[in-house]
Amino acid sequence: MRHFKNFMILVMTLTALTLTSCSSSDDSGDGGGSGGGAGSGVLVAKVNGNSYQSMAISSTATVANNGQSLIIIASNSSGKAFSFTVLDFNGEGTYPIGGGANIANSASYTVTDVDLNNPQNSTTEIWQAPYDDTEVGEIVVTSVTDSKVKGTFNFTCKNVGGDQSLKTITNGSFNLDKQVVN
């Protein structure tokens with residue numbers, strides 16, 4: 001059993017290294033024109049200056065409520081994820097995050113640290129925006145087709161349930177497969 005556990009840790013480590021070190025021509029930064037620097041199927045950003053890229057298998061844009069809501073979820077193999085909710089979605093355009101009536105548009109950045117030795121000790125921290133009544137950023141949808149949603153974003157978010165720290169998200173862009181749910 002001990003050898004099996006060591007083998008599984010080795011496999012998971014190699015898998016994580018492989019997933020985080022892979023590159024493709026889609027990562028060239030051109031994003032296919034409109035939509036910023038994200039390659040097809042992923043979301044990219046700078047989190048306090050550090051690069052982030054989601055995995056295509058765990059990243060999607062969902063148009064819901066008869067086309068009136070946009071929900072974006074994108075995560076990577078390191079336990080880091082972004083989520084966005086845009087209410088009153090009208091296709092291409094700029095959607096403020098926060099600022100009075102625009103408080104319904106929201107964004108978050110989540111970090112989950114998994115303790116492989118004791119999964120019950122795993123932690124999740126969430127930095128959310130907006131965190132007060134001011135405008136803290138925006139999501140710009142630059143292209144919506146039958147199969148893709150592309151755009152850019154930036155915002156400041158706060159760990160309101162934890163240490164109250166702020167994270168600045170810059171140079172964000174997405175080029176995600178689109179799902180429609182009514």
Treat the count of other C-beta atoms within 10 Å as a stand-in for reagent exposure and order THR85, THR94 from fewest to most.
THR94, THR85
GluC sites (Glu not before Pro) within the range 78-182, DSSP loop, no more than 14 other Cβ atoms inside 10 Å:
GLU92
Check: C-alpha center the range 62-111 vs C-alpha center the range 118-171, spacing in Å is 9 Å
So how strong a dipole does the range 87-181 carry about its Cα centre when Lys and Arg Cβ are +1 and Asp and Glu Cβ are -1, to the nearest 20 debye?
220 debye
Would you work out if the range 90-182 is rounded, prolate or oblate? Take a ≥ b ≥ c from the square roots of the eigenvalues of the alpha-carbon gyration tensor; rounded if a/c is under 1.5, else prolate when a/b is larger than b/c, oblate otherwise.
oblate
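Each reported figure results from applying straightforward, stated rules to the coordinates on display, with no laboratory input. Since we're looking at a predicted model, the values are computed, not measured. We place every Cβ from the backbone using ideal geometry, glycine too, and count neighbours over all the protein chains shown.
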